[in-house]
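First comes the structure, then the notes that go with it.
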Amino acid sequence: MSQHWFDAESNEGEVEIMLGWDPPLQWFHMCIDFSIEYSEDPLYTNLAEPDPRMVTLEYLQSVLERFGITDLEIIPGTTGLYEKLIEDRELNR
């Protein structure tokens, strides 16, 4: 499973963001919290979505925007993160 970690400012304060591709489940994942390693109830996780399999990178970008996170973008042709996540999926890593 790929994991890309970031620290960012949000409308909830300083948060950690972890996102990537999950090969066994074949979906993108993202978690946002104050401290992901020690959290039992994160601010956001794709696992809380009605159908986590249907979560797209565009949807995850909208989640970042909902939390007021502007330090990180999952938009093609901007930071390279979108392309890296697509590559993770294509290489199934």
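The values are calculated or read from the model by the stated rules, or taken from the named source; none is laboratory data. It should be emphasised that the depicted structure is a prediction, and the values quoted were computed from it without experimental measurement. When we count neighbours, we look across all protein chains shown, and the Cβ atoms used for this are built from the backbone with ideal geometry, even at glycine. We work out accessible area using only protein heavy atoms, side chains counted, and drop any ligands, DNA or RNA first. Shrake-Rupley method; radii C 1.70, N 1.55, O 1.52, S 1.80 Å.
Number of residues in segment 1-20 that are assigned to a loop (DSSP other than H, G, I, E, B), of a type outside the set (S, T, N, Q) and out of contact with any strand residue (DSSP E or B) (no Cβ under 6 Å at 6 or more places or on another chain) equals 1.
The number of residues in segment 21-30 that are surrounded by fewer than 19 Cβ atoms within 10 Å (Cβ to Cβ) and touching a strand residue (DSSP E or B) at 6+ places or on another chain (Cβ under 6 Å) comes to 1.
Any residue at all in segment 28-35 that's among the small types (G, A, S) and under 14 Å from the mean Cα position of the chain (by Cα)? Among the residues of segment 28-35, not one is among the small types (G, A, S) and under 14 Å from the mean Cα position of the chain (by Cα), which makes the answer no.
Looking only at segment 52-67, how many residues end up being part of a loop (DSSP other than H, G, I, E, B) and either at pLDDT below 95 or surrounded by 12 or more Cβ atoms within 10 Å (Cβ to Cβ) (or both)? So the count comes out to 2. Does S62 satisfy being free of Cβ contacts under 8 Å to residues at least 12 places away in the same chain and under 23 Å from G80 (Cβ atoms)? Taking the combined requirement at face value, the residue satisfies it.
Scanning segment 31-42 for residues that are open to solvent by 30 Å² or more (accessible area, probe 1.4 Å), out of contact with any Cys (no Cβ under 8 Å at 6 or more places or on another chain) and either in contact (Cβ under 8 Å) with a residue 12 or more places away in the chain or under 27 Å from I86 (Cβ atoms) (or both) yields F34, S35, E37. Applying the criterion of being outside any helix (DSSP H, G or I) and open to solvent by 60 Å² or more (accessible area, probe 1.4 Å) to the residues of segment 76-93, the residue that is farthest from E9 (Cα to Cα) is N92.
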